[in-house]
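Okay, so here's the structure we're looking at.
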């Protein structure tokens, strides 16, 4: 371990010798301080805090990510190219210890930089929040600078499956001709059954029972936030629909009926409801009445959600930084692995190429969803097909599965919307990003470095 | 020559060349504009950062703008709007002369994003931001682009003026409050803003010119040409920006498309029509809000504007004349129901001369002007309106008119007729309320008692009300004390009498 730490210490010394630490930390702090002066917000304290969190943390991630990748490629590749590695490798130290030492050195550097810039963001946020009027501070405390958990309605998957099979059997008994395309008939029936649950017809109502679980024990006297979204096949002249709500059950819990709301379709609406509307089992009953002339559809996935305070912002912020740190660890592994085999410019190019591919995964996801890489024909509203689909689509699927191990976390998004980042999520991020992905690259890098002939004549000399 | 001296010489030389090149650049910009060498005008009035960005990025500006645009779309789909102002700012600044960019971004804010919010003040912030983007920035970089003037005018006319958005009453209220700060919480007086005499007037003139980017002298010109307009209402501002667009078009005739001019003129005459129907602002101290009434004074100018538009726009000539005929029919009806029978008679004759072959009632082809009396037409219209109209402004005008007739009849001793008018007014409101109850606040109307009180107080107002004799009769008949010298109005809270009504 001592040998590994010695290499890490050498990496730190190099970072200071080349004033790298000073430059990066200055850049990070300048971006944290300067961004609030130049960004345009939506005019609310909430909006300003959200954009500040998004832009500062985004800038930190980009700056640190690029510097990590660059340093990781440079520190090992340059050592090999300049033959300095030969001096180190002849000492009583294993190749893997050199590799791991570099990784630890870079990551401890990252940890320090992330801590400095994170503290800067946190300090700036709390300082600005403290200068706001009390009501604005309350909004921030309840909606942004908070860790909010969420509760949904129970899953209807089983009910939909059973009802679909039952209706399918009945239809098959009536009309055997449907057997020709059983999968399509089943899909159609499933959509109908789902629509029965999601649709609220004109004049009708729809109840939701949302179990807050164990959270009910600490949510007494605390306001809750309801987040709803609905779709409509028809447009209203005003662009909005009227919504009537009831929260709670008469004669069982306290009841809250806000006035009619004018809500736009296809968008999320969040509003606060008073405390103590759930029953002794923690079940909050919500009823929506549709007074419009159009059917409204509340998607099962995200049509209704209840948000509640789960914890404070500080720990949530630290966990968010933890996930960003995991990303840095992965980039560090990628950079070092590339530098174990390639020269500095090629390694940097390779690592940036991988990063670009990750950022472009939306295109891959779209191709996988469509089942082809062929272009979409807007005139016929159809897609063509390509002979390469047989190879490319499975490759895209595989790449997406790997990329999503790292991309499925969004700490900046969660922090800016006041969503909770749980310890479990942080643990999962560490396992998936650092353990699985980073571990894979690290093992490959160590193995390559172990097998590589370090004393071969270098082209750059 | 030592190296330090050489460096100083080089720095000075660089400074001189920079100054000279900036002078030459002005000449080059003028020459390339005069010779038509580039389609895009050189960037003027831009802050240093923007000027540097546009030059340094060159052709890559479009690429970056596209990336930002894609991000803005993605965020909008996810209902994340807190970055929109920043992204719109960057996108427009990267393409400051691309007019469509300004139009789309401002439209997106004022129309698409605003309605995503359930709270009306939140909606107003986005509508205001859309207006501000065009007025405060778009016009700075593109002072001669009449499409921007048209869009700005449209926001005032349609988004704020009409009642399609449920929050339209809040928009009007907030705008009226903002304009009250400019006009000093009294009837707008443009002269005092053109030639301010006091510090307060100077401050208000500066607020108008610097914040709202409006020129009081041009406002007066617009008011004289199209008014009198109520400058606390959005329609007046729609007319102002459209008129300014037309003026810019006259100054730059080579850069203007005929269709754009027609659109600007359309905004003007349509806004004038709205001003006619509900262009009078009435403060309701009881409900602490503004009410609207018809502005009958601008009927001749509205009619003239439509006739001129029909003359200039050959493609839609017939449509405009149809609209013109409808306005005259409305004018006759409103004037009659506001007891201005001689004015109503003038427009009845005017319509009979101009449209002798057109039926005055849509559902009855036999009702040609020559075969019908004006009174018969008005009675038929009341029946038609009460059973069909869904427009708050129109219905409010009808009810007010019926109440004016009721009190006029009462004053001249026609008690039965007075009671009939009042009954009709109450029935009209009941019918309207029952037909529009599912629209909620968007087209909500005051209660019958409130409208009744407002009309009565207006009639007995010594300054703006009916003649003194009639006021005295009305006061006596309704049990009010005699008017005191110097009194301005009935005391607040005086209930309108019920003698003539139900």
Segments classed as helices (runs of 4 or more DSSP H), wholly inside the range B:278-355, with at least 3 members that are modelled with pLDDT of 80 or more and closer than 23 Å to residue B:445 by Cβ: B:317-337
- request: Could you name every one of the helices (runs of 4 or more DSSP H) located completely within the range A:41-154 that has at least 1 residues being under 21 Å from residue A:348 (Cβ atoms) and within 29 Å of the chain's Cα centre (by Cα)?
  value: A:45-81, A:95-130
Positions within the range A:269-281 being facing chain B (nearest Cβ under 9 Å) and either closer than 16 Å to residue A:209 by Cβ or buried (at least 17 other Cβ atoms within 10 Å of the Cβ) (or both), in sequence order: A:269
- prompt: Mind checking whether some residue in the range B:194-214 is closer than 30 Å to residue A:260 by Cβ and part of a helix (DSSP H, G or I)?
  reply: no
- prompt: Inside the range B:153-168, can you point out the residues that are within 12 Å of chain A (Cβ to nearest Cβ) and in a helix (DSSP H, G or I)?
  reply: B:159, B:168
query: Are any of the residues in the range A:219-228 modelled with pLDDT of 90 or more, surrounded by 15 or more Cβ atoms within 10 Å (Cβ to Cβ) and either away from chain B (no Cβ under 14 Å) or more than 33 Å from the chain's Cα centre (by Cα) (or both)?
result: yes
query: Do we find a residue being more than 14 Å from chain B (Cβ to nearest Cβ), touching a residue at least 12 places away in the same chain (Cβ under 8 Å), touching a helix residue (DSSP H, G or I) at 6+ places or on another chain (Cβ under 9 Å) and within 17 Å of residue A:99 (Cα to Cα) anywhere in the range A:13-34?
result: yes
- prompt: Considering only the range A:36-53, how many residues are modelled with pLDDT under 80 and within 7 Å of chain B (Cβ to nearest Cβ)?
  reply: 5
task: Would you be able to say whether some residue in the range B:207-214 is in contact (Cβ under 8 Å) with a residue 24 or more places away in the chain, closer than 24 Å to residue B:307 by Cβ and surrounded by 15 or more Cβ atoms within 10 Å (Cβ to Cβ)?
output: no
task: Answer yes or no as to whether residue B:314 is touching a residue at least 40 places away in the same chain (Cβ under 8 Å) and either farther than 24 Å from residue B:421 by Cβ or crowded, with 18+ Cβ neighbours inside 10 Å (or both).
output: no
query: residue A:306 is checked against (1) part of a strand (DSSP E or B); (2) surrounded by 15 or more Cβ atoms within 10 Å (Cβ to Cβ); (3) within 29 Å of the chain's Cα centre (by Cα); (4) within 14 Å of chain B (Cβ to nearest Cβ) and fails just one. What number does that condition carry?
result: (4)
message: Can you tell me how many residues within the range B:427-462 are over 30 Å from residue A:290 (Cβ atoms), more than 27 Å from the chain's Cα centre (by Cα), surrounded by fewer than 18 Cβ atoms within 10 Å (Cβ to Cβ) and modelled with pLDDT of 75 or more?
response: 3
task: Look through the range B:92-113, keep the residues that are within 12 Å of chain A (Cβ to nearest Cβ) and within 23 Å of residue A:52 (Cβ to Cβ), and return whichever of them is surrounded by the fewest Cβ atoms within 10 Å (Cβ to Cβ).
output: B:93
message: So residue B:116 ticks every box in (1) facing chain A (nearest Cβ under 9 Å); (2) out of contact with any helix residue (DSSP H, G or I) (no Cβ under 8 Å at 6 or more places or on another chain); (3) without any contact (Cβ under 8 Å) to a residue 12 or more places away in the chain but one. Which box is left unticked?
response: (3)
- prompt: Residues in the range B:140-149: is at least one surrounded by 19 or more Cβ atoms within 10 Å (Cβ to Cβ), at pLDDT below 90 and either within 14 Å of chain A (Cβ to nearest Cβ) or out of contact with any helix residue (DSSP H, G or I) (no Cβ under 7 Å at 6 or more places or on another chain) (or both)?
  reply: yes
task: Name, by its number, the condition in (1) within 11 Å of chain B (Cβ to nearest Cβ); (2) part of a loop (DSSP other than H, G, I, E, B) that does not hold for residue A:249.
output: (1)
Complete set of residues in the range A:380-427 that are modelled with pLDDT of 85 or more, part of a helix (DSSP H, G or I) and farther than 20 Å from residue A:358 by Cα: A:414, A:415, A:416, A:423, A:424, A:425, A:426, A:427
task: Examine the range A:312-334 for a residue that is in a strand (DSSP E or B), away from every other protein chain (no Cβ under 12 Å) and in contact with a strand residue (DSSP E or B) (Cβ under 9 Å, 6 or more places away or on another chain), and state whether such a residue exists.
output: no
- line: All conditions in (1) farther than 24 Å from residue B:279 by Cα; (2) in contact with a helix residue (DSSP H, G or I) (Cβ under 6 Å, 6 or more places away or on another chain) are true of residue B:161 except (1)
field: Selected residue (criterion: farthest from the other protein chains (Cβ to nearest Cβ)) from residues of the range A:229-246 that are in a loop (DSSP other than H, G, I, E, B) and at pLDDT 90 or above
entry: A:230
- request: Quick one: residue B:55 ticks every box in (1) more than 10 Å from every other protein chain (Cβ to nearest Cβ); (2) surrounded by 18 or more Cβ atoms within 10 Å (Cβ to Cβ) except a single one, so which number is it?
  value: (2)
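The values are calculated or read from the model by the stated rules, or taken from the named source; none is laboratory data. Here the structure is a predicted model, which is why all the values come from computation and not from measurement. For neighbour counting, all protein chains shown are included, and Cβ atoms are generated from backbone atoms with ideal geometry for every residue, glycine included.
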